[in-house]
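Worksheet: one structure, shown below.
The values are calculated or read from the model by the stated rules, or taken from the named source; none is laboratory data. Here the structure is a predicted model, which means the values were calculated and not measured. Note: ideal-geometry Cβ built from the backbone for every residue, glycine included; neighbour counts use all protein chains shown. These accessible areas exclude ligands, DNA and RNA; they are computed on the full protein's heavy atoms, side chains included. Shrake-Rupley method; radii C 1.70, N 1.55, O 1.52, S 1.80 Å.
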Amino acid sequence: MSFITQYMVNQGVPQETVILILMLPIVATIIAFGRQVIGLRGFGIYAPLIITFAFLATGLKYGLAIFVVILLVGTLMRFLVRYIRLLYLPRMAIVLTAVALAILAIFLEGAYSGRRGLITSSIFAVLIMITLVEKFVAVQIERGAREAIILTIETLFLSVVCYWVVASGWLRNLIFIYPFWIIFSAVIINILLGKWTGLRLSEYWRFREVIKRVELPKQK
């Protein structure tokens, strides 16, 4: 399979594109592990996955800054617009308009201060992060602000961990040379995760008092 990847590169397919596509199963596996073993929920598997690749396009520092601004402006506008009593879609359109203006303000500041890394950030990566505003607002409406913040922090944590993994030079070289074995290993790990029946690590902490009460009679 390494012959196939090398052939594609020789025929004009960008090597970075091949590597990122091959990295996708690894990122998905890390997210699944975080969910099944550690107990990190986040916004499912899709949101942290696309945020990871968005961070790769913008750089972690600027990506985090843009992500935080997007969520803060989206949350603020959600509280302001709800008093107008609009239907959901027009209300979200206003929220996204405010977010777009906030991003323009960030680019303006980057142009003024000469932050080349900021003003050259991929527009597609920024748009990907903007689309998460609707998800964040929907969770706020359904589960409350506290739950939305917790899920956002967990999603951000998973994305940063995956970013560090994907940005690793030795792993990028390894997956390009041995793509079959890396993907095969990811499939095996996911099969094992799919059969996981034990408590998650977060549940040991959450139910620690119950576990202590169960263990005390056994010790006696």
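For ILE45, state whether it is under 13 Å from the mean Cα position of the chain (by Cα) and open to solvent by 60 Å² or more (accessible area, probe 1.4 Å). Step through it out loud before you land on a result.
Values: under 13 Å from the mean Cα position of the chain (by Cα): yes; open to solvent by 60 Å² or more (accessible area, probe 1.4 Å): yes.
Here the answer is yes, as ILE45 does meet what is asked.
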The range 1-42, residues that are part of a loop (DSSP other than H, G, I, E, B) and either buried (at least 19 other Cβ atoms within 10 Å of the Cβ) or among the small types (Gly, Ala, Ser) (or both): GLY12, GLY39, LEU40, GLY42
Residue pairs meeting the criteria (Cβ under 6 Å; at least 6 apart or on separate chains; first over 17 Å from ILE21 (Cβ atoms) and among the charged types (D, E, K, R), in the range 40-64; second at pLDDT 80 or above and open to solvent by 20 Å² or more (accessible area, probe 1.4 Å)): ARG41/GLU154
LEU104 surrounded by fewer than 11 Cβ atoms within 10 Å (Cβ to Cβ), at pLDDT 80 or above and not polar (S, T, N, Q): yes
Total residues in the range 173-189, condition touching a residue at least 12 places away in the same chain (Cβ under 8 Å) and open to solvent by 40 Å² or more (accessible area, probe 1.4 Å): 6
LEU72 vs. criteria at pLDDT 85 or above, surrounded by fewer than 17 Cβ atoms within 10 Å (Cβ to Cβ) and part of a helix (DSSP H, G or I): yes
Odd one out for GLU16, checked against (1) in contact (Cβ under 8 Å) with a residue 12 or more places away in the chain; (2) within 30 Å of ILE183 (Cβ to Cβ); (3) of a type in the set (D, E, K, R): (1)
Filter result for LEU96 (out of contact with any His (no Cβ under 6 Å at 6 or more places or on another chain) and either open to solvent by less than 60 Å² (accessible area, probe 1.4 Å) or farther than 20 Å from TYR46 by Cβ (or both)): no
Any hit, the range 109-119, residues being part of a helix (DSSP H, G or I), under 29 Å from VAL27 (Cα atoms), modelled with pLDDT of 85 or more and open to solvent by 80 Å² or more (accessible area, probe 1.4 Å): no
Residue within the range 75-84 that is of a type in the set (D, E, K, R), closer than 30 Å to LEU192 by Cα and either surrounded by fewer than 20 Cβ atoms within 10 Å (Cβ to Cβ) or more than 20 Å from the chain's Cα centre (by Cα) (or both) present: no
